[in-house]
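For reference, the structure is listed below as structure tokens.
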Amino acid sequence: MMFKQITKTKNNEIVLRQQMQSMESATRTTSSALWCGLLLVVLAVAGCDGSAYFQFNHAYLDRQVIDINSGRPDDAQIEISDEQEENVSEILEAAFGTPDAPKIPGVEGAAALLDQEFLDMAAGPVGRLEDGSPRGLYRQHCAHCHGVTGDGMGPTSEFLKPYPRDYRKGVFKFKHTVLGAKPRKEDLRQVLMEGIPGTAMPSFRVYDSQELDAIIDYVIYLAIRGDVERQLEATILQKTADEGGNPLLADTSANASAEDREGLLDAKDIITDVVASWTEANDSLMPTTEPPANWQSDENIARGREIFLGTGGCVACHGKTGLGDGNPDLFDTWTEELVGAKGQSTSARLEFYDEHFAGTGTLKPRNQRPRNLRLGSFRGGRRPIDIYSRISQGIAGTEMPGGKAKGDDAWAVVAYVLSLSEEVISKPSNDLDFQRERN
Amino acid sequence: MGTPSLPASESCWPRRFSLLMVSLTFPLIWVGGLVTTTQSGMAVPDYPTTFGYNMFLYPLSWWWSGPWDVFVEHGHRLLGIAVGLVSIMLTIAVYKSPAWSRLRKAVVIALVAVTLQGLLGGLRVELNARLLAMLHGCTGPAFFAFAIVLAMWTSERWRDPLHEMTAKAIRDVEPQLSRIKRLAILTSILVYCQLVLGATVRHMPVMAKPQTMKTFVFFHILVAFVLAGHIAMLWLRTHRQRALPMWIRRPARWLAGLVLLQLVMGITTWVTKWNWPMGIGDLSRSTADFTVVQASMSQSNVVTAHVAIGSLLVGISVLLSTRLWRLSDEMSRGSQETPADLKVTLQSDE
């Protein structure tokens, strides 16, 4: 009896020990599973932890190829070879260097426009030199949204609305130059200082002024590079369409004959022109008139409203009430290149995207909504002169046109637009509100 | 995994040092978070020297009045050294007192861990590698949790977890304990995974594809809600079970409160970094005009707090799991207890 009990207790102990062992192994399994999971994540991230490089602009090239081919018979379809793409990249690298070692292209005006020291501060990996001066400012502050290439496709870009700017078209919205002109450095600085309200674009006003100068030069550098890339792609396409086969732009090897290197001179011309367009920005300031006296008077606001509703044509997009509900089917210039031709419905235009670009790493196009002017939020700045710029020049890269109201008329519209956000409205889409007397 | 029934330690120095270590590790993690938030990680380009100076001799006034990023990075290094020193002292204290051998091993492991962590941080600077930065950022909170467990091992409660419980309370609690314990352990694992996900989002390499980032952000948000559910359940179960001692129920309550705060901080982090998601800011006039200000005090504080609360959640959930585990272990030991006479026989038998 006693003996039996003892064995039972011993058995109990064994069971207990076994339980403990199994618990131990369970814990071990979970913790090793955890570490494996962590390792996987780490490896996944490590996979892309390589050095930074400029991404090739496939989307633009592909779109041009589609357009050219759609106008050609089946047996004359063109195709751009990897070798040709390589050729474009080589020429670009020769002129502009790499994200870690940027170069100012050796063309007229470039050295006056850009400062190599600034580019060095902005480029490369994040850090500081021994003397304390910063490095990698662009990658530190901007690349997460705008991408190392400046293509607006940084890691964070996809869930932002609107998407970050793709600099490669050289088109910028908020500036004080005439519509088609590039922004001045001051315009870019204003965007950096103020940020863009209502979007993910932050204000960088807490940073050192010189650091901002460096970043601005680098943005211009990326914009020039991206623009040149597009034009080189267009050139090689044209050459392919004209000559057939897969011609290169130029033989970049050192021992190539002068004739084979001729294409480089064309490239140089392209770069020179793009650089010149940036240099000219300073001379392309929009014409301004002083706001007339009492420009914010009730009469002037009423006059502005008339223009807004009538000859200004603002209603077509911003709606009668200014709520931005006039036209939901707009796309901006950047997405125009990815969707079907104008004149179709939004869904048809997006089908084109799905057919040709879905899964290629481009960001899915979204409609651009005309601004709700009653929110009192102005992305390009809230000073009257900022809004005057938008209204008199339009907004580059968007459908918002300029030139509909000039001089005093434009100021009247500015007054009206500014007054919209001050109107207290409970049911904004109501026509009654829109006719109601303002106090 | 046997449980100690030996006194954790007789002297109070191990306890003091282990508590000091916990209370220094948390600010260390906080400042470490700030290093990443302000992207100061590479502000001081050399390690273990600071701009060529011996780390301890880097002039105090330069540190104090220099650039903010240098201030943060150098401060993080000094704090790290402090934790290392405390760890050494803890080891000495434990070895000088008649402590349980497991504790002895543990403090040595802690010392090795804190040294490795320091080296990892240094390597991160020397190699300027994001990957190492992320690893460094993930081992920090793990070390914090470990420090908490260490501190617990030196506590009175660890020696006698049933001390505050009546026999009835023990009987009430016992049938549910293993379920609660399992839930707590699962929650701790999940919290840590969530922290790793968050670190991945934070340390996403600049060349990563937008789709990669989006996937990680998606899972970070998904796990956030799963985790909130887990913690709510944990809180509910411990809350209902009034017989459980306060040192179990209180951390569960803290977890519940902190996870709510953490959800709010997560959303705030998004807004202070990326503005309102999907244009919902345009729904109201008061939100439409918001502008993100990079590196503003509010942005840095919100983001760093989100990171620090994450570590705190890891720490507290590990604390709770360990306590639950200890409690259930002690209870099952109690219930397996053989009658006194038998024990004598058993012992004399061996």
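The values are calculated or read from the model by the stated rules, or taken from the named source; none is laboratory data. Note that the coordinates shown come from a computational prediction; the quantities given were computed from them, not determined experimentally. Don't worry about glycine lacking a Cβ; one is built from the backbone with ideal geometry, like all the others, and counts go over all protein chains shown. These accessible areas exclude ligands, DNA and RNA; they are computed on the full protein's heavy atoms, side chains included. Shrake-Rupley method; radii C 1.70, N 1.55, O 1.52, S 1.80 Å.
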Legend entry - P(r) weight above 35 Å for chain B, C-alpha pairs, percent: 33
Legend entry - With Cα atoms, 0 to 90° folded angle of helix B:340-349 axis to chain B main axis: 90
Legend entry - Residue-by-residue Karplus 3J(HN,Hα) for the stretch A:145-155, coefficients 6.51, -1.76, 1.60, Hz, glycine and proline x: 9, 7, x, 4, 7, x, 8, x, 10, x, x
Inset, instruction - List the aspartates and glutamates whose Cα lies under 13 Å from the Cα of B:LYS209, skipping any in the same chain that are fewer than 8 positions away. - result: A:ASP49, A:ASP151, A:GLU158
Legend entry - Inter-label distance, nm, simple model (7 Å from Cα along the C-beta direction), A:MET193/A:GLU85: 4.2
Legend entry - C-alpha center-to-center spacing [the stretch B:234-294, the stretch A:339-403] in angstrom: 34
Legend entry - Protein-only accessible surface order, largest first, of B:ARG182, B:ARG159, B:ARG240, B:ARG285 at 1.4 Å: B:ARG240, B:ARG182, B:ARG285, B:ARG159
Inset, instruction - Round to the nearest 10 and report in Å² the accessible area of B:LEU320, as given by a 1.4 Å probe over the protein chains' heavy atoms. - result: 0
Inset, instruction - Give me the angle, in degrees from 0 to 90, between the Cα long axis of helix B:68-96 and the longest principal axis of the Cα atoms of chain B, rounded to the nearest 10. - result: 20
Inset, instruction - Can you sort A:HIS58, B:HIS220, B:HIS163 by 1.4 Å-probe accessible area, starting with the largest? - result: B:HIS163, A:HIS58, B:HIS220
Inset, instruction - Would you kindly derive the ³J(HN,Hα) couplings of the stretch B:23-28 from the backbone phi angles with the Karplus curve 6.51 cos²θ - 1.76 cosθ + 1.60 (θ = phi - 60°), listing them in order in whole Hz, with x for Gly and Pro? - result: 6, 8, 5, 4, x, 4
Legend entry - More than 47 angstrom apart: percent of Cα pairs within the protein assembly as shown: 37
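Give me the summed buried accessible area for the B-A pair, 1.4 Å probe, to the nearest 100 Å².
Approximately 5700 Å² gets buried when B meets A.
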Inset, instruction - Kindly tabulate the residues in the stretch B:122-140 with an accessible-area decrease of at least 50 Å² between the chain alone and the assembly of all protein chains, using a probe of 1.4 Å. - result: B:LEU131
Legend entry - Residue among B:THR166, B:THR91, B:THR287 with the largest mean-square fluctuation in a Gaussian network model of chain B, springs linking Cα atoms under 10 Å: B:THR287
Inset, instruction - Would you calculate the separation in nanometres between label points at A:THR289 and B:TYR53, each defined as 7 Å from the Cα along the Cα-to-beta-carbon direction? - result: 6.2
Inset, instruction - Would you tell me the accessible area of B:THR272, worked out with a 1.4 angstrom probe on the heavy atoms of the protein chains, in Å² to the nearest 10? - result: 20
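What FRET efficiency do you get for B:LEU263 and B:LYS209 if R0 is 45 Å and r is their Cβ-Cβ distance, rounded to the nearest 0.05? Walk me through the numbers before you get to the answer.
Details: r = 28 Å, r/R0 = 0.61.
Taking R0 as 45 Å, the efficiency between B:LEU263 and B:LYS209 is 0.95.
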Legend entry - Heavy-atom SASA rank of B:MET331, B:MET297 (probe 1.4 Å, accessible area, largest first): B:MET297, B:MET331
Legend entry - With DNA, RNA and ligands ignored, accessible area of B:PHE71 (1.4 Å probe; Å², nearest 10): 50
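Per DSSP helix of 4 or more residues, -39500 (n - 2.57); summed, then divided by the residues of the protein assembly as shown. What does that give at 222 nm, rounded to the nearest 500? Numbers along the way, then the final one.
Working: 29 runs with 481 residues, N = 789.
About -20500 deg cm²/dmol.
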